Amino acid sequence: MLADFDAFLSDHANCERKASAMAMGMVVKYPDRPLVIPALIDVAQEELTHFAQVYELMRSRDVALVRDTRDEYVIALMAQARHGRDERFLDRLLLACVVECRGAERFGLVADGLGDPVLAQFYGQLRRSEVKHGHVFADMALRYFAHTDVYRRMGQLVELEADIMSALPVRAALH
Ligand SMILES: [Fe+2]
Ligand SMILES: [Fe+2]
């Protein structure tokens, strides 16, 4: 993957932009869930900052933004969200948590795999931020749902995510 770092960067920038839009999309979708709105706005802002930072890095390396391609991983994952008002809300929060944790793991691998200390530091910082977002989404779920329900569903989604991940081909991308 690291041999194709510039292609990875184009994908990474799009992922950050989509993560920001996804958080604001939840603000639009759930105006009646006030306990999560401030955290969603924070996440949206931080993801947009990540997008700006990655885009700066791309410019410095003469790498252009690319159009979105289908993210089979995220599509397959989001298809796991159940229907029903509460079920869907819980699943969307927990799926966001899973995506953040997987992103953090990948950034850790990138940070460790890059020879460049400046890039390694940047990806290390992103990793910490995505770990925090993972906690933030779990915390949002716990504001509206019982511990047992949150952790039971989280366990199921983590297993489903592992199956989805292992079924996909490896490519120069975040997922
Ligand atoms: Fe991010
Ligand atoms: Fe994040």
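What follows is calculated from the coordinates using simple rules that are stated; it is not laboratory data. Not measured: the values here are computed from a predicted model. Cβ atoms come from the backbone with ideal geometry, glycine included; neighbour counts cover every protein chain shown.
With neighbour counts taken as other beta-carbon atoms within 10 Å, the residues Val28, Val136 rank, fewest first, as Val28, Val136. For the pair region 98-175 / region 51-71, the C-alpha centres are spaced 21 Å from each other. Ala81 sits among other residues whose Cβ lies under 11 Å from its own Cβ, and their net charge, with Lys and Arg +1 and Asp and Glu -1, is +2. Once the Cβ-Cβ distance between Arg61 and His83 is put in as r, and R0 is 45 Å, what FRET efficiency do you end up with, to the nearest 0.05? Efficiency, rounded to the nearest 0.05: 0.55. The mean sequence separation of alpha-carbon pairs under 8 Å and at least six residues apart, normalised by the residue count of region 2-167, gives a relative contact order of 23 percent. Quick check: pseudo-label points 7 Å beyond the Cα along Cα→Cβ at Gln156 and Lys132, how many nm apart are they? Each label point lies 7 Å from its Cα, and together they span 3.2 nm. Rounded to 0.05, the FRET efficiency of the Asp112 and Asp32 pair, given R0 = 45 Å and the Cβ-Cβ distance, is 0.60.
Using only side-chain charges placed at the Cβ, +1 for Lys and Arg and -1 for Asp and Glu, the dipole size of region 73-169 relative to its Cα centre rounds to 280 debye.
Overall shape: oblate for region 86-175, with the ratio a/c of the largest to smallest alpha carbon gyration tensor axis at 1.5 or above and b/c at least equal to a/b. Only helices enter the 222 nm calculation for the chain: every DSSP H run of n ≥ 4 contributes -39,500 (n - 2.57), and dividing by all residues gives -27000 deg cm²/dmol, rounded to 500.
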